C-alpha cells in the first residue's frame, strides 16, 4: 500500500495502529486465558499426584523436598494455610505444625548452652531425638520450611547464615552484621581472640571489644584464659560440632 | 584410690572455656552447676572424700585440651557445693581441704543403722576405727568410709537417739555404742 502524504494518509496510519493494538490485546487476552486454563490442569494434576503419593511424601524427606519444588514451580504453596484443600489432602498442616513445636522446644532446651543460636544440623538431630525412632524422618529442608512458617506467625525465630553454615536463631535481639562477622571468622577454629578479630576484620579495638562483650553478655560466647600464651580466647558454643546435651 | 573402671567425662570437660570462671552471671551459674555435679560424680566413682583445690588430679587438669582449672575457680565451685550441703571445708577459712559428701549424710547414717541391725549390734560398743575398716565391715558398704564422714554420720544417728558417741583419751579410743 502506498502511503500518500496528507491528512487522509495520517488518519489512515492512526487507524492502522489502532487496529494492530486491539488485535494485540485480543491475542494477549486469549493467551492469558489459555495459561489460566493450563494452570488449572496443572493444579488438578498436582492434586491427583499428591493424593497418589501421599504416603511417600510423608515418609521420605527427599521426595517431600522435590514435591515442594514442583509445587513452587507451578505457584502452589501447600503450606499456605492450615485449613483448606492441601492441609486435608496431605495432612501437611499437622506435620509442619508439630515440627514447628518440636523445633522450638529443641531450641529452648539448648538455649542456655548456645545463647539461642543453633546450627541447623544439630537442630535436626535434636528434633529427631524428640520425635523418636518410630516417627517419619525429617530433613533440614523440612526444618527450614517449618521455621519460615513460624516466622509468618511472628514467632521471633529466624534463619541466619554465618559463613558456610546455617543457624536458627531463637532469641530476640539483634544479630547484626558485626556479630555475624565475628562468628564467621571464628567458625573454622571455634574460637577467636580480640587481636585476631581486629586484624582479620580490620576493625578498631573498641569495635572488637564491644561486639565481643555483647556476644558474651548474650551467652553466645565464653571466655578462655587458659591458653598457653595467656591470650584471652572467645569460644562460641553454637559453633561446636554437635556436642549439645 | 578406688574403682579402676573408666570414668566417663561430661561434654563440658572437653571444652576449654569451662576451665575459666565466666564473667556473665547466667553462664557462671550454669558452669558452677556443671562442675558441682562433676566433682560429686568423680569423687563417688573414685571413692574420694577429701579434695584439695590445687592438687594435680584429672578432675582439675585436662591434659588432652591443655587446660587446668585455677584453684580459685575450684574453691568457688566447692563453695557452691558447701552452700548446697554437699561438701564441708575441713580447715575453716584456709580452704585447702574439702570433704566431699557425694553420699548424703542421712544416707550414710541409714547405711550404718542398717548394718548394725543386720549384724545384731544392739548394745554393742565399737571403736570408730573398727567401723571405718577391719573385719567387722569388710565387704560391706561401710568399708573405706572416711573418718570425717563416719563421725558426722554417727552424729546424725546420735541426734536420732540410735547411738551414743564416746570420746576417749585419744582419737584412737573414740567409740560408739549402738542402742
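Every number here is computed from the coordinates shown, using simple stated rules; none is lab data. Because the structure is a prediction, the values reported are computed rather than measured. In this analysis, Cβ positions are derived from the backbone assuming ideal geometry, glycine residues included, and neighbour counts consider all displayed protein chains.
Report, as an integer, the average count of C-beta atoms from other chains found within 10 Å of each Cβ along A:224-232.
Working: counts 9, 7, 12, 4, 2, 0, 0, 0, 1.
Counting other chains' Cβ atoms within 10 Å and averaging over A:224-232 gives 4.
Could you work out how far helix B:25-46 tilts from the main Cα principal axis of chain B, as a 0 to 90 degree angle to the nearest 10?
50 degrees
Could you work out Rg/(2.2 N^0.38 Å) for the protein assembly as shown, with Rg from alpha carbons only? Could you put the intermediate results ahead of the total?
Details: Rg = 35.4 Å, N = 424, 2.2 N^0.38 = 21.9 Å.
So the Cα radius of gyration is 1.62 times the expected 2.2 N^0.38 Å.
Can you check how the C-alpha radius of gyration of the stretch A:174-245 compares to 2.2 N^0.38 Å, as a plain ratio?
Numbers: Rg = 11.6 Å, N = 72, 2.2 N^0.38 = 11.2 Å.
It is 1.04.
When the C-alpha atoms of the stretch A:13-80 are aligned to their principal axes, what extent does each axis show, in angstrom, from largest down?
Taking the Cα atoms of the stretch A:13-80, the three principal extents are 65, 17, 17 Å.
Please report, in cubic angstrom per residue, the volume enclosed by the convex hull of the alpha-carbon atoms of chain B.
Details: hull volume 24.0 nm³, N = 179.
Measuring per residue, one finds 134 Å³ for the Cα hull of chain B.
Could you check the spin-label model distance between residue B:47 and residue A:55? Points 7 Å from the Cα along Cα→Cβ, value in nm.
Roughly 5.9 nm, to one decimal.
Quick check on the protein assembly as shown: helices-only [θ] at 222 nm, where DSSP H runs of length 4 and up contribute -39,500 (n - 2.57) each and the sum goes over total residues. Nearest 500, please. Please report the intermediate quantities before stating the final value.
On the way: 15 runs with 219 residues, N = 424.
Calculated mean residue ellipticity at 222 nm is -17000 deg cm²/dmol.
Round to the nearest 10 and give me the degree value, 0 to 90, for the angle of helix B:71-83's Cα axis relative to the longest principal axis of chain B.
Its long axis makes an angle of about 50 degrees.
On full extension of the chain, what length is gained from residue A:94 through residue A:198, given 0.36 nm per residue of separation minus the C-alpha to C-alpha distance?
Values: separation 104, 0.36 × 104 = 37.44 nm, distance 4.79 nm.
Full extension of this stretch gives 32.6 nm more.
Under a 10 Å cutoff between Cα atoms, tell me which one of A:21, A:169, A:131 has the largest fluctuation in the Gaussian network model of chain A.
It is A:21.
Taking 20 °C and 1.002 mPa s as the conditions, I'd like the Stokes-Einstein D for the stretch B:53-104 in µm²/s, using the Kirkwood hydrodynamic radius from alpha carbon pairs. Write down the numbers at each step before the final one.
Working: Rh = 11.6 Å.
It diffuses with D of about 184 µm²/s by this estimate.
Take residue B:90 and residue A:128, extend 7 Å from each Cα along the Cα→Cβ direction, and tell me the distance between the two endpoints in nm.
For residue B:90 paired with residue A:128, the spin-label model returns 4.9 nm.
Note the angle between two axes, namely the Cα long axis of helix B:105-118 and the longest principal axis of the Cα atoms of chain B, as a number of degrees from 0 to 90, rounded to the nearest 10.
Helix B:105-118 and the main axis of chain B meet at about 30 degrees.
Return the average number of partner chain Cβ atoms within 10 angstrom of each residue Cβ along peptide B:7-18. Please list the in-between numbers first.
On the way: counts 0, 0, 0, 1, 5, 4, 0, 2, 7, 10, 12, 4.
Across B:7-18, the average partner-chain Cβ count within 10 Å equals 4.
Using R₀ = 30 Å, calculate the FRET efficiency as 1/(1 + (r/R₀)^6) where r is the Cβ-Cβ separation of residue A:31 and residue A:176; round to 0.05.
On the way: r = 47 Å, r/R0 = 1.57.
It comes out at approximately 0.05.
Where is the GNM fluctuation largest for chain A (alpha-carbon springs, 10 angstrom cutoff): A:12, A:134, A:145?
Most flexible of the set in this elastic network: A:12.
Most fluctuating residue of B:77, B:166, B:19 in a GNM of chain B with Cα springs under 10 Å: which is it?
Looking only at B:77, B:166, B:19, the largest GNM fluctuation is found for B:166.
Given all pairs of different Cα atoms, what value in angstroms does the Kirkwood hydrodynamic radius of chain A take? Mind showing how you got there, number by number?
Values: mean 1/r = 0.0448 Å⁻¹.
After inverting the pairwise mean of 1/r, the radius is 22.3 Å.
Give me the percent of Cα-Cα pairs in the stretch B:11-100 that sit more than 17 Å apart, rounded to a whole number. List each step's numbers first, then the result.
Values: 1764 of 4005 pairs.
Value for the stretch B:11-100 (Cα pairs over 17 Å): 44 percent.
Under the √(5λ) rule applied to the eigenvalues of the Cα gyration tensor, what semi-axes describe the equivalent ellipsoid of the stretch B:105-178? Give them in Å, descending.
Values: eigenvalues 48, 41, 31 Å².
Equivalent ellipsoid semi-axes, largest first: 16, 14, 12 Å.
Grab the beta carbon distance between residue A:47 and residue A:161, set R0 = 30 Å, and tell me the FRET efficiency rounded to 0.05. All intermediate terms of the calculation are to be shown ahead of the outcome.
Working: r = 35 Å, r/R0 = 1.15.
Computed FRET efficiency for residue A:47 and residue A:161: 0.30.
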